[in-house]
1. Please compute the per residue accessible area over the stretch 26-114 with all protein chains in place, 1.4 Å probe, rounded to a whole number of Å².
2. On a 1.4 Å probe surface of the protein chains, which of V86, V52, V70 comes out largest in accessible area, and what is the full order?
Amino acid sequence: MAKGFGGGFPGGMNMNNLMKQAQKMQKQMEQMQTELENKEFEVTSGGGAVKVVITGKKQIKSIEISPDVVDPDDVEMLQDLVLTAVNEAIRQADETANNEMGKIAGGKLPGGLF
């Protein structure tokens, strides 16, 4: 006689337990994603000359520029400092999101998923 799906999976797991674990993981991931979206990341460049604050949603909240680095003859340096700070803030937000979500999924998420 053939066994149906009601028997269970190898290792003693049954379909109900598997579904419960998946739902629990989904709820944890949704909660973590909400927490990450509300988290702020503050990054400086140029020894504190430029400060950028972004959210986990990668929305820039503020950019502060020290008056000492505002040189009309060297606008490119200021642009580079802002660009560096923004890119580093985004990198930190991505890294934190991937690390936190990976903890929930047991470290098995592909890179850059969140």
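The values are calculated or read from the model by the stated rules, or taken from the named source; none is laboratory data. Just so we're clear, the structure is a prediction, and the values are computed from it rather than from any experiment. The accessibility values were calculated without ligands, DNA or RNA, using every heavy atom of the protein model including side chains. Shrake-Rupley method; radii C 1.70, N 1.55, O 1.52, S 1.80 Å.
1. Heavy-atom SASA per residue in the stretch 26-114 reads 65 Å².
2. V70, V86, V52
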